[in-house]
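What follows is one structure encoded as structure tokens, with my remarks underneath.
Just so you know, all these numbers are worked out from the coordinates, no wet-lab data involved. Since the structure is predicted, the reported quantities are computational estimates derived from the model, not experimental observations. Every residue, glycine as well, gets a Cβ built from its backbone with ideal geometry; the counts of neighbours run over all protein chains shown.
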Amino acid sequence: MSSARILEVRDLQVTYDSARGGVRAVDGVDLNVHRGEFVGVVGESGCGKSTLLFAIAQLLSPPAAITGGSVLFSGRNLVTLNDKQLRAMRWRDYSVVMQSAMNALNPVRSIGQQFQDTLEAHRDTPVSDDRAVEVMRLVGIDPIHLKSYPHQLSGGMRQRAMIAMALLFTPDLIIMDEPTSALDVVAQRSLMVQIKELQRELGFAVIFVTHDMSLVSHFSDNLLVMYAGQVAEIGPTRQVFDSPAHPYSRGLLDAFPSIRGPRVELTGIPGSPPDLAQPPTGCRFHPRCPLVKERCLVEEPALYPVGTAYARCLWHAPHSLSLSDPIPLQIAVETA
Amino acid sequence: MTDLTTVPDATATSPRPPLLEARLLTKHFSIGGGFFGRKKLHAVDDASFVINRGEIVALAGESGSGKSTIARLLARVYKPTAGEIYYDGQPLSRMRTRRSSQAYRSDVPMVFQDPFSSLNPAYRVSHGIMRGLRLHRPDLRTDAARSAEAARVVEAVGLFPAADILERYPHELSGGQRQRIGFAQALAYRPKLILADEPVSMLDVSIRIGVLNLMSKLRAEAGVSFLYITHDIASARYVADRMLIMYAGHIVESGPTESVLARPKHPYTQLLLSAVPDPRAPLTVGADTDRGEPPKVVDPAPGCRFRFRCPLAIEVCHEVTPALRLLGVGHTAACHVAEPDADLAPATGAPTETT
């Protein structure tokens, strides 16, 4: 990707203050997003993907707070900006589309009135008078629905209206948190195709968070697989799908029954994500990993290059694991 | 290959009636307006289907298509507007005594979608299971016997150690574990048929498979039948022997899972299948023009309910509601245009499923 880098996340850390001490929900995440790029962020619930997204958008509220790192966006470090400065940038330079449009829209104001609120908050940024009508057409809703209230629209239309609102000022970046998870599969597919078309037309970048890895398989350029607050694997989407380098990515992929391939028994990923107040020693994925070796229990992996991707797994470390390494006792017993 | 031995042959060859059969099941709801301007929402119209012993039947369709209404009709939460449900050959409408309804409820329990709101947060896990046992299992006379049975069902759904799990509160369990408790509660009744309404849609992708495998296991070990309601076709394929596809209150297609998926007859089924994301397959274009807006079925005129979205609609589709026609082996679809499989004997063109 040769185009300009618009977002640069460096060593970002988010900590939740809890009675048991700080819980680091996002731990040292690096991410670059280029103009017009589509980045998918996937992982199980509790892996920190939504927290990451809220941290990038500066929408965290106590007890969560950014405790380290930077978020460079159009030349400014968002982490250091105050509310007023951020308010000026929101909607105009970047916008956020939330998971549930039903809750994100005000039920007692019409769609048009809510667009007007956003436009008025940025009176210094001139847009054409009928911008609201334009964006409604862009997302394929009859502008007559500007007079409608959220409850009069179907779930798919509400989600489209949210995206229309996010496009009012044609921002450089749109951050989306599972915008299609409440939709049926046909509506979901249609919305994904449309987001992709708008992106091609208008050139904005998208960070798209989802727990459904298959959803982004055909739409994202790059894929970030998160586990336990860290990047487990990051790389070109096709490469991650075709040859996942991290056992966790492989596990996520294998958790999907296929509707076309052979009908085989699947296992999913045994166990559940770790308690981040006490993350496992060594590799955080080791308690659930089918390829675990003794070294994984003690040595913390870094992100190692694998082809054009990076994976946080000791199998890809410069002095990587080999089959001759001793297998931990409990695993040996199970496979015997 | 597809296991065709599990395909139902309805009542004809078997001496016993099917475990459960719905005939022309219909449910309308009155909505809106004043007393005179009452409109009818047609949630389910003329649904006929059979669930056999030890069979997993998937009921798939978009939200608002009537899937959950069918589950609630079968669970006797709603009374049908018309039509009849036969359980083991007996019509439910003539089941009047308290004892017989209670027996039906324990034979046909329901597992709900949301494992976070279907368990009472104020009580330990054991509470719900023991309560079910007291109500539905008169054969267990002592608390000790009931406790042993509670431990058995908790282990049957794959939770260990049972004694520890039973002492926990719902908030101490993960989503997947809670959903397993939902199945354990149902299992405590020694059910014949579990109505599972979207049991995995609220769960993380990584643990869905575990719950689906649990359904297969309970069928294999306890011979329980399932009505698996879902909008996820891939998971339906994974567990189900047969599939029913619903659209706007009608069952539009029915048949062995592999047959429906390999040779979908109804244009809606084809649309649904083309929209399923499959990372292992290249991107197919086809569903892109369809917005996925489901119709509102208020006082519908006759005609196919899919006709406004259908690329194949012809004149007759606007006038005549299509009935299910046999178009493949054990495979029916309600479409005027769909073609039968080539290997289907030409004599069998008549509607089926209404036995």
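Helix B:143-156 sits at what angle to the longest principal axis of chain B, using alpha carbons and giving 0 to 90 degrees rounded to 10?
Around 50 degrees separate the two axes.
What does the charge count near A:Gly307 come to, summing +1 for each Lys or Arg and -1 for each Asp or Glu among other residues with Cβ under 14 Å from its Cβ?
-1
Using only the Cα atoms, what convex hull volume per residue in Å³ does the protein assembly as shown have?
Per residue, the Cα convex hull of the protein assembly as shown comes to 196 Å³.
When the helix-only estimate is applied to chain A (DSSP H runs of n ≥ 4, each -39,500 (n - 2.57), divided by the residue count), what is the mean residue ellipticity at 222 nm, nearest 500 deg cm²/dmol?
-7500 deg cm²/dmol
Let's test the formula: R0 of 51 Å, r as the Cβ-Cβ distance of A:Ala317 and A:Arg123. What FRET efficiency results, to the nearest 0.05?
0.40
What net charge is computed for the residues neighbouring B:Val297, neighbours being all others with C-beta under 12 Å from the C-beta of B:Val297, Lys and Arg scored +1, Asp and Glu -1?
+3
Which listed residue (B:Phe29, B:Gly54, B:Ala342) has the Cα farthest towards the positive end of the charge dipole for the protein assembly as shown, taking +1 on Lys and Arg C-beta and -1 on Asp and Glu C-beta about the Cα centre?
So the residue we want is B:Phe29.
Across peptide A:178-185, what mean number of C-beta atoms from other chains lies inside 10 Å of a residue's C-beta?
If you average over the peptide's residues, the count of other-chain Cβ atoms is 4.
Starting from the Cα of B:Ala82, step 7 Å along the direction of its Cβ; do the same at B:Val320; then give the gap between the two resulting points in nm.
According to this spin-label approximation, the distance is 1.9 nm.
Where the only charges are on Cβ atoms (+1 Lys, Arg; -1 Asp, Glu), what is the dipole of segment A:108-168 about its Cα centre, to the nearest 20 debye?
240 debye
Hey, quick one: spin label on A:Ala19, modelled 7 Å out along Cα-Cβ, who in segment B:166-204 has an amide N within reach, i.e. under 20 Å?
B:168-174
Past 21 Å, Cα to Cα: identify those pairs from B:Lys27/B:Lys296; B:Lys67/B:Lys217; B:Lys192/B:Lys217, in the order given.
B:Lys67/B:Lys217
Show me the GluC sites (Glu not before Pro) within segment B:103-177 that DSSP assigns to loop and that have at most 14 other Cβ atoms within 10 Å of their Cβ.
B:Glu167
Provide a whole-number value for the mean count of partner chain Cβ atoms within 10 Å of the Cβ atoms in peptide A:264-276.
Going residue by residue through A:264-276 and averaging, the value is 4.
For chain B, what is the per residue volume of the convex hull drawn over the alpha-carbon atoms, in cubic angstrom?
170 Å³
Can you give the local net charge around A:Leu81? Use residues other than it whose beta-carbon is closer than 14 angstrom to its beta-carbon, Lys and Arg +1, Asp and Glu -1.
With Lys, Arg at +1 and Asp, Glu at -1, the net is +3.
Given Cα pairs under 8 Å that are at least 6 residues apart, what percent is the relative contact order of chain B?
20 percent.
Counting pairwise Cα distances across segment A:108-168, what percent come out greater than 12 angstrom?
When all Cα pairs of segment A:108-168 are counted, 63 percent exceed 12 Å.
Could you work out, residue by residue across B:65-73, how many beta carbons of other chains sit within 10 Å of that residue's beta carbon, and then give the average as an integer?
0
From the P(r) of chain A, can you give the percent of Cα pairs sitting at distances over 32 Å?
Here the tail beyond 32 Å accounts for 34 percent of pairs.
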